[in-house]
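Every number here is computed from the coordinates shown, using simple stated rules; none is lab data. Keep in mind the model is a prediction, meaning the values are calculated, not measured. For neighbour counting, all protein chains shown are included, and Cβ atoms are generated from backbone atoms with ideal geometry for every residue, glycine included.
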Amino acid sequence: MTNHVITGKQMQAIFALFWIGSIIIAGVNPQAKQDSWISLLFAGLMSLPLIALYVRITHLYPGLNLFEILFKIFGRIFGRILSLFPVLFAIHLGSMVTNTFSIFIKIVNMPETPILLTTVFIVIVCSWSVKNGAENIGRLSKFVLPIVIVTSLITFIIAMKDMDLNNLKPIMDTNFKSLLSGAYSYLTLPFGEMVLCFSFFSSVNDKTGSLKILINSLVITISFYIMVIFRNILTLGVPSTLLFYFPSYESVSIISVGDFFSRIEVLIGIDLLLSGFIKTCVCLYTASLGLTKILNIQKQNSVVIPCALLIITISGMLYASSITNMEFFKYYPIYVIPIEFIFPLIIWIGAEIQNKIKTADTNPKVE
């Protein structure tokens, strides 16, 4: 794989779509209910320490990706061991995302089409994109992000005539424990998954700092999802939103403009496929890059297809039905604790220790 480069704007789009790809079809948080937007704001605040941690790591090791940083801090043996965690997580997350796509397509459009066939098709297209390098994913992301935002904004505006403000009441009626529980769910899915995007930072070619990239992406994602939450709650109401597997699709399906403009829910399907496609590309890119470093392979392209096959296999084995897929999300906030919180903490501690040792060696004390 050639040494492609991406711009800061493209990196922002990658982060934003990676996060949006997890939540675009969601409705409201079952703990926070009509106050889900408040939980989302709390999740944004809770993600700031995690962002600060990653910014510090990238500041200490500029121009390096996640796996290069691991090898530089912990050496080749322990670096390989630690690199397995993001690789396995990327493959598992990629299988979850592609399975969600396939279930969505089967339920709303093609009930006779096998889920496995849809999964294979999606992953093949993602593999082709990943083989063209980080630059291709960055350019696609920058092109796709405005489409996702504009189409969702259009559905929100058109749905205004069907909205009922009483669906938001009573505001702030949720107890603080439930709000924090909902915030933690949003923190783990999707904000904590940002660890996988750091495999792209070695390709960023301009002066845009990682802090600006992350904060801008966070603001875009939160603003986007608050709009989605309001649209779903105001059109469907909380009970109905919790009832459907894909409430965003259902909320837009009731929208029509006169007798000639209907079936607007196709826009939600487009948004899902576009953002989810980018998210799967990120997972596949990170997994293949990690395996390249672990196995000491020169060309990343040679491991893209094996990683893609793993994603397809795990998707078929673990999530044979929509019920199995949705049930797993109940345990997801616990499952991701090691990779989303403990793993970056270990990297940061190792980076600070190595930086202090390097500083002490460079500036020895004069007695």
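Among 231, 80, which comes first, second and so on when ranked by fewest other beta-carbon atoms within 10 Å?
80, 231
With +1 assigned to the C-beta of every Lys and Arg and -1 to the C-beta of every Asp and Glu, and no other charges, what is the dipole magnitude of the stretch 8-353 about the Cα centre in debye, to the nearest 20?
840
If Lys and Arg each add +1 and Asp and Glu each add -1, what is the summed charge of the other residues whose beta carbon sits under 14 Å from the beta carbon of residue 230?
Surrounding charge for residue 230 is 0.
Starting from the Cα coordinates of the stretch 73-191, work out the convex hull volume and express it per residue in Å³. All intermediate terms of the calculation are to be shown ahead of the outcome.
Working: hull volume 24.7 nm³, N = 119.
Convex hull volume per residue, Cα atoms: 208 Å³.
Calculated from DSSP H runs of 4 or more alone, at -39500 (n - 2.57) each and per residue, what is the 222 nm mean residue ellipticity of the chain, nearest 500?
On the way: 14 runs with 258 residues, N = 367.
The per-residue figure over the chain is -24000 deg cm²/dmol.
Does anyone have the angle between helix 176-188 and the longest principal axis of the chain? Alpha-carbon axes, 0 to 90°, nearest 10?
For 176-188 against the chain, the angle is about 60 degrees.
Can you work out ³J(HN,Hα) from phi for every residue in the stretch 94-101, in order, using Karplus 6.51 cos²θ - 1.76 cosθ + 1.60 and θ = phi - 60°, giving whole Hz and x for Gly and Pro?
x, 5, 5, 5, 5, 5, 4, 4
Would you be so kind as to identify which of 219, 267, 308 lies farthest towards the positive end of the dipole of the chain, taking Lys and Arg as +1 and Asp and Glu as -1 on Cβ and the Cα centre as origin?
Most positive-ward Cα: 308.
Checking the cross-link filter: which lysines have an alpha carbon closer than 29 Å to that of residue 293, excluding same-chain neighbours under 8 positions apart?
Excluding near neighbours in sequence, the set is 9, 72, 131, 142, 207, 212, 279, 356, 358.
Taking neighbour Cβ counts within 10 Å as the exposure measure, how do 36, 253 sort from fewest upward? Each step should come with its number before you reach the end.
Working: 36 30, 253 19.
Sorted ascending by nearby Cβ count, the order is 253, 36.
What Rg and what Dmax come out for the chain when only alpha-carbon atoms are used, in angstroms?
Calculated on Cα positions, Rg and Dmax stand at 21.0, 88 Å.
Relative to the present Cα-Cα distance, how much length would full extension add between residue 353 and residue 116 at 0.36 nm per residue of separation?
Gain on stretching residue 353 to residue 116: 80.6 nm.
When ranked by the protection proxy of mean other Cβ atoms within 10 Å per residue, highest first, what sequence do the peptides 286-298, 269-281 form? Walk me through the intermediate numbers first.
Details: 286-298: 20.4, 269-281: 23.8.
Taking the mean over residues of other Cβ atoms within 10 Å, the ranking is 269-281, 286-298.
Quick one: check the C-alpha center-to-center distance for the stretch 51-107 versus the stretch 178-229, whole angstrom.
Cα centroid to Cα centroid, the span is 15 Å.
Going by how many other Cβ atoms sit within 10 Å of their own, how do 55, 87, 228 line up, fewest first?
By the 10 Å Cβ count, ascending, the order reads 55, 87, 228.
Give me, ordered by chain and number, the residues 5 or more places off residue 204 or on other chains with an amide H under 5 Å from its own placed amide H.
For residue 204, whose amide H was placed from the backbone, the distant partners under 5 Å are 6.
In whole Hz, what ³J(HN,Hα) sequence does the stretch 40-47 give by Karplus (6.51, -1.76, 1.60; θ = phi - 60°), x for Gly and Pro?
My calculation for the stretch 40-47 gives 5, 5, 4, 4, x, 5, 5, 7 Hz in order.
Which residue, chosen from 83, 280, 168, occupies the Cα position most advanced towards the positive end of the dipole of the chain, where the dipole is computed from +1 (Lys, Arg) and -1 (Asp, Glu) charges on Cβ about the Cα centre?
83
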